[in-house]
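*Asks:* What follows is a single structure, and I will ask about it in a moment.
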Amino acid sequence: MLNYIKYILVLGVLFSTMAIQAQNNSSKFSDADIEALIDKMTIEEKAGQMTQVTIDMILKEESSTEIDEEKLRFAIKDMQVGSILNVKWHAYDLKTWDKVLTAIQDVATKETRLSVPILYGIDAIHGANYTQNSTLFPHNIGMAAARDRALVKEGAAITAKEVRASGHRWNFDPTLGVGRQPLWSRFEETFGEDTYLASEMGAEVIKGYEEKGLDHHEAVASCMKHFIGYSNPRSGKDRTPAYMTDRELREHYLPTFQAAVDAGTSTVMINSGELDGMPVHASKYLLTDVLRGELGFKGMVVSDWEDVIRLKLRAHIAETHKEAVRLAVEAGLDMSMVPLDYSFRNHLIELVKEGSISEERLDQSVRRILVLKRNLGLFDNPYTEEEARKNFNLPNYTEVALTAAQHSMTLLKNEDNVLPLKEGQKILLAGPAANEFTCLHSSWSFNWQGDGAEYYPKGTETIYDAMKERFGADNVSCASTNKFEDAKNTDVAQLNKMATDADVIVLCLGEKAYAESPGVINDLMLDKEQLDLAEAAIATGKTVIYVMVQGRPRVISTIEAGAKGILQAYRPSSRGADAIVSVLSGDFNPSGKLPFTYHRNTGDIVLYDHKFAETFTELAPGEIGGSGFNPQWQFGHGLSYTSFDYGKMQVDKTTFSGEEKVTVTVNVTNTGDRDGHHAVELYSRDDYASVSPCVKRLRAFDKKMIKAGATETFSFTIDADDLSFINFDSKRVTEKGTFKLFIDDQWTSIRYE
């Protein structure tokens, strides 16, 4: 009877996994073939399938691309690894990728007992960034500012094409942690601080990657990451602990992953940090009960870099590496990104043979891995497809990248309509971002940190290059070098000398390129040297404009008042310089909206969806002030070169119940003299609830082009679920009562019965 029950349980896991991952699969390799393959596998081969190593393990010691044949065969034939990832040092060209991947698959499919192809994984975070001459798009933080779902999806679809053309079929993207800790060095990889915005944008990325079916030559398997809570470490430092209640986790951080599962994501990567003292890699509650049980995820779970052994080395919850392996696998891990040895595999074999982990548990993970390989078409053809090769570096890709970067540009300030710049003005460019292009791209751009200028495509432009092209070399001078951290870039004496002949000073400020932990900061304030440079520019009496090139909102409150214009550029990437200049010149009308709260003070991190109690400050006992929420600019702020007038906000009913829906409409008229894109946002507020409600929450948004003098109707439909929240029992509920709906400066009340 026990064997029968076990058989039924295995069948249930099998059928649910394969049903959810069918993904329009047309492979000749059937479900029955997968089961037959698993039956043939030894414990060693199963443990190998669950092992992922980095490319360094198969390359010659001092080479970035040359394969060591002995190492390659040891990894695949002796250690039976199922997956390899990464590049060594920098991006490869297409020819190199083809050589490397062909050698890998030749050994896997022609020299091993079972001929199981290798699943190669790559970090293609904002384009195929580990392939030379690929097109890179704005980082997620800029794409969120664009407020354009279709544009986000199109960028992801192009990324999928170039990744597949490079020979890869598994992309470790998108990042779905909600950016609610601005100190965090991976903030630029998020879609900002709002859960709904991040959910919508993340789902579009996954559709762009996977919608055509994983076996299609224009698709890749996506990887939602990092499950869960990674993006809000208490210290602000990368890979450090987060602390939050289960209610907060479910309110703000779980919905993005639920949206990703609903959109069809195939894999998930685990949070490298801890959540309330429990490393997520060891949490069966999160990886099995929540991820698989509640969210319904049926795909494959992969660790992040070296995170299984770190259960021992950093978290100190395992006394030995072997125990760390047991904890992670029992929690729900399918594949370990080891990545620099074979210890995971060897310990896993020992654990099974001694009875600490069942072979059936390995079968679950191996089945998921093989299903993914099958769905990606690897069993039919593990090599780079000829049709895929044709999709690399097509002419329209850079135009889409330019459009994405332009739509991300967020005009924060335009006092006295100082922008657009006037023709014939003498312009002085200064600041560390003026003549250096790696800061426009930042993390995951042709090398890990994005700081290797020598790896970028020839002709990659700086802001200075683009300014000269647009305004003429005679009208543009530059006080900056091509190295961000060069002291000359903040030389006040040089600025004063060159400002004499200038009509306007454009200061390009912000952050150098960085990725992950090397981007850690201890202070959100912009560094002193740049602040001093801005103060000096202001003191010249010339018109001063800031262009902020940064991955997070560095505080500039001490210099904000002295600037007439401020443009937030984020990390706009391949066509970023052109996009910035197109806005400064007025060739493109900016339409971006902040995807985060831009804070005024480093010690006053209050988010837009704060509680009512956070809007007040107790100045003394019984004396209450109103300065609790006082940002430099609010979430959703963004100016245009034209003006928009909102008609009266309308709702089709003021009372609703059950599954009824409420339709909200508003007419928006472009009352200026130029065309412009405009995003309209719908917010809600629960007047009273059993959990103290937020002042407002974003519930819907849409963006349209509105011609000068024209009117467009924006319509949103919401229901009870859209007004729900997580209660103190960790359940999502909508309580009866009144809600306020907000569009721009208008509001109306509706009641849910």
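The values are calculated or read from the model by the stated rules, or taken from the named source; none is laboratory data. Owing to the predicted nature of the structure, the values given are computational and were not obtained by experimental measurement. Don't worry about glycine lacking a Cβ; one is built from the backbone with ideal geometry, like all the others, and counts go over all protein chains shown. Each accessible area value is taken on the protein alone, full model and side chains, heavy atoms only, with ligands, DNA and RNA left out. Shrake-Rupley method; radii C 1.70, N 1.55, O 1.52, S 1.80 Å.
*Asks:* Which condition breaks for Met498 when tested against (1) surrounded by 15 or more Cβ atoms within 10 Å (Cβ to Cβ); (2) under 37 Å from the mean Cα position of the chain (by Cα)?
*Replies:* Evaluating Met498 over (1) surrounded by 15 or more Cβ atoms within 10 Å (Cβ to Cβ); (2) under 37 Å from the mean Cα position of the chain (by Cα) leaves (2) as the failure.
*Asks:* May I pose another question? Kindly indicate whether any position in the range 644-654 is open to solvent by 10 Å² or more (accessible area, probe 1.4 Å) and either of a type in the set (Lys, Arg) or modelled with pLDDT under 95 (or both).
*Replies:* Restricting attention to the range 644-654, the residues satisfying the condition of being open to solvent by 10 Å² or more (accessible area, probe 1.4 Å) are 644-654.
Now narrow it down to the ones that are either of a type in the set (Lys, Arg) or modelled with pLDDT under 95 (or both): 648, 653.
Within the range 644-654, one or more residues are open to solvent by 10 Å² or more (accessible area, probe 1.4 Å) and either of a type in the set (Lys, Arg) or modelled with pLDDT under 95 (or both).
*Asks:* If a residue must be aliphatic (A, V, I, L, M) and more than 20 Å from Val547 (Cα to Cα), how many such residues does the range 445-467 contain?
*Replies:* Total meeting the criteria: 1.
*Asks:* Another question, then. Suppose we filter Ile122, Ile58, Ile104 for residues that are open to solvent by less than 10 Å² (accessible area, probe 1.4 Å), closer than 27 Å to Glu454 by Cβ and within 23 Å of the chain's Cα centre (by Cα); which single one remains?
*Replies:* Ile122
*Asks:* On to the next question. With the checklist (1) outside any loop (DSSP other than H, G, I, E, B); (2) open to solvent by 10 Å² or more (accessible area, probe 1.4 Å); (3) not acidic (Asp, Glu) in hand, flag the one item Tyr546 doesn't pass.
*Replies:* So Tyr546 meets the others, but not (2).
*Asks:* For the range 556-642, give me every one of the strands (runs of 3 or more DSSP E) that falls completely inside it and has 2 or more residues that are open to solvent by 30 Å² or more (accessible area, probe 1.4 Å), of a type outside the set (D, E, K, R) and modelled with pLDDT under 95.
*Replies:* On the way: elements: 565-568, 617-620, 623-625.
Those strands (runs of 3 or more DSSP E) span 617-620.
*Asks:* Is it fair to say Pro117 is of a type outside the set (Gly, Ala, Ser), closer than 30 Å to Val680 by Cβ and not in a strand (DSSP E or B)?
*Replies:* Criteria not met by Pro117.
*Asks:* Let me ask something additional. All but one of (1) open to solvent by less than 30 Å² (accessible area, probe 1.4 Å); (2) of a type in the set (A, V, I, L, M, F, W, C); (3) over 25 Å from Leu136 (Cα atoms) hold for Ala493; state the number of the condition that does not hold.
*Replies:* Of (1) open to solvent by less than 30 Å² (accessible area, probe 1.4 Å); (2) of a type in the set (A, V, I, L, M, F, W, C); (3) over 25 Å from Leu136 (Cα atoms), only one is false for Ala493: (1).
*Asks:* Looking at Asp380, Asp304, which one is at pLDDT 95 or above, buried (at least 17 other Cβ atoms within 10 Å of the Cβ), of a type outside the set (S, T, N, Q) and under 23 Å from Gly121 (Cβ atoms)?
*Replies:* Asp304
*Asks:* Same structure, new question: Only one residue in Glu193, Glu188, Glu154, Glu162 is touching a Gly at 6+ places or on another chain (Cβ under 9 Å), in a loop (DSSP other than H, G, I, E, B), in contact (Cβ under 8 Å) with a residue 12 or more places away in the chain and not polar (S, T, N, Q), so which one is that? Please lay out each step first, then the result.
*Replies:* Working: Glu188 fails: in a loop (DSSP other than H, G, I, E, B); Glu154 fails: in a loop (DSSP other than H, G, I, E, B); Glu162 fails: in a loop (DSSP other than H, G, I, E, B).
So the residue among Glu193, Glu188, Glu154, Glu162 that is touching a Gly at 6+ places or on another chain (Cβ under 9 Å), in a loop (DSSP other than H, G, I, E, B), in contact (Cβ under 8 Å) with a residue 12 or more places away in the chain and not polar (S, T, N, Q) is Glu193.
*Asks:* Right, next: Please work out if Asp604 is of a type in the set (D, E, K, R), under 30 Å from Ile545 (Cβ atoms) and within 30 Å of the chain's Cα centre (by Cα).
*Replies:* yes
Every residue, every condition in (1) at pLDDT 95 or above; (2) closer than 26 Å to Gln634 by Cβ; (3) among the hydroxyl-bearing types (Ser, Thr, Tyr), yes or no:
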residue: Leu698; (1), (2), (3): yes, yes, no
residue: Ser715; (1), (2), (3): yes, yes, yes
residue: Val733; (1), (2), (3): yes, no, no
residue: Asp745; (1), (2), (3): yes, yes, no
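*Asks:* Out of the range 255-285, which residues are under 21 Å from the mean Cα position of the chain (by Cα), within 24 Å of Glu306 (Cα to Cα) and of a type outside the set (Val, Ile, Thr)?
*Replies:* Of everything in the range 255-285, those that are under 21 Å from the mean Cα position of the chain (by Cα), within 24 Å of Glu306 (Cα to Cα) and of a type outside the set (Val, Ile, Thr) turn out to be Phe257, Ser266, Met269, Asn271, Ser272, Gly273, Glu274, Leu275, His281.
*Asks:* Let me ask you something else. Among the residues of the range 162-188 satisfying the criterion of being aliphatic (A, V, I, L, M) and farther than 20 Å from Gly142 by Cα, which is nearest to the chain's Cα centre (by Cα)?
*Replies:* Residue satisfying both the conditions and the ranking: Val163.
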